[in-house]
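Encoded as structure tokens, the structure appears first; notes follow it.
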Amino acid sequence: GPLKTPIAAGHPSMNLLLRKTFDLYANVRPCVSIEGYKTPYTDVNIVTIRENTEGEYSGIEHVIVEGVVQSIKLITEEASKRIAEFAFEYARNNQRSHVTAVHKANIMRMSDGLFLRKCREAAENCKDIKFNEMYLDTVCLNMVQDPSQFDVLVMPNLYGDILSDLCAGLIGGLGVTPSGNIGANGVAIFESVHGTAPDIAGKDLANPTALLLSAVMMLRHMGLHQHATKIETACFDTIKDGKVLTKDLGGNAKCSEFTEEICRRVRNAD
């Protein structure tokens, strides 16, 4: 489930700690329009792939003198090569046809330049997958105009954090968006990326969709595709039907009622 780190000195980010401990180098977030859930767009089908271990989130920052703080953006050849190759491998394994590298190499010529260079090299080895590169700000502009032009997006850490939330907003928000953190040697952690929502804790009001869809991602990662499809279909059919929905989805059902309806559909699918 969601983790919260206090905003105060001396409290390291729990998410950052998990990523570093298990070398969870790739954050994967599918953002797909859900039939029956009204949003401004109905044709979103994007996967954001974010380098998860370095960049501005390396945790390297310090006070130079009073009133001046320095934060270091760390980009390495190894991590850039690894995430670029992962993006193309993901596209190929999931019937995706197009990878876009998101960067600001026009400004950060050395750091983002290195990242972009590794993406270009990965593209050279995957001629069956279309490749293009685009500035971060241009991606944002085009995303809100026509998200259907994008397929798989690969980017450094900070850009991925921001852009993946923007993509989630196109399909209805973090409450319906799953996420997976993929590491080396088969280690992976799947999570809903919305907040902990302490204001509704224990009130049976939460929307479990993001958590359920993250579990679907986990099952697929484990090769349990049939089980994953059953749960995913039950979840989407429940939302499409529109009769038993949590408040944020436009209904009046409790979390337990919404979940039970999904479970009923899974049982009936057997």
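Projected label points at L16 and D43, each 7 Å from Cα along the beta carbon direction, are separated by 4.0 nanometres. Highest average first, the peptides 70-79, 230-239 ordered by how many other beta carbon atoms sit within 10 Å of their residues are 230-239, 70-79.
Distant-in-sequence amide contacts of F190, defined by a placed amide H-H separation under 5 Å and a gap of 5 or more residues or a different chain, comprise N181. For the stretch 35-156, the dipole from Cβ point charges (+1 on Lys and Arg, -1 on Asp and Glu) about the Cα centre works out to 240 debye, to the nearest 20. Bridge orientation summary for the chain: considering DSSP beta bridges with both residues in this region, about 60 percent are antiparallel. Partners of K254 within straight-line reach, counting aspartates and glutamates whose Cα lies under 19 Å from its Cα and excluding those fewer than 8 residues away in the same chain: D199, D204, D237, D241. Computed per residue of the chain from DSSP H runs no shorter than four, each worth -39500 (n - 2.57), the mean residue ellipticity at 222 nm is -13000 deg cm²/dmol. For the chain, the longest principal axis of the Cα atoms and the long axis of helix 111-124 meet at an angle of about 70 degrees.
Annotation: for a label point projected 7 angstrom from Cα along Cα→Cβ of A188, residues of the stretch 71-86 with backbone N closer than 19 Å are 82-86. Counting only residues at least eight positions apart within a chain, or on another chain, the aspartates and glutamates with an alpha carbon under 18 Å from that of K20 are E51, E54, E56, E61, E77, E78, D161, E191. Against the longest alpha carbon principal axis of the chain, how many degrees, from 0 to 90 and to the nearest 10, is the axis of helix 77-93 turned? That works out to roughly 40 degrees.
Counting every alpha-carbon pair across the chain, the share separated by more than 25 Å comes to 49%. Charged neighbours of G183, selected by a Cβ distance under 9 Å, balance to 0 (K, R count +1; D, E count -1).
Taking Cα atoms only, the orientation of helix 136-145 departs from the longest principal axis of the chain by about 30 degrees.
Measuring between alpha carbons in the structure, the pairs from K104/K127; K73/K127; K130/K230; K127/K230 lying more than 28 angstrom apart are K73/K127; K130/K230; K127/K230.
Dipole of the chain computed with +1 at Lys/Arg Cβ and -1 at Asp/Glu Cβ about the Cα centre; of S192, L153, L245, farthest Cα towards the positive end is L245.
Here, each number is a calculation from the coordinates, and none is a lab measurement. As the structure is a computational prediction, the values presented were derived from the model and not from experiment. Here the Cβ is made from the backbone with ideal geometry for all residues, glycine too, and neighbour counts use every protein chain on show.
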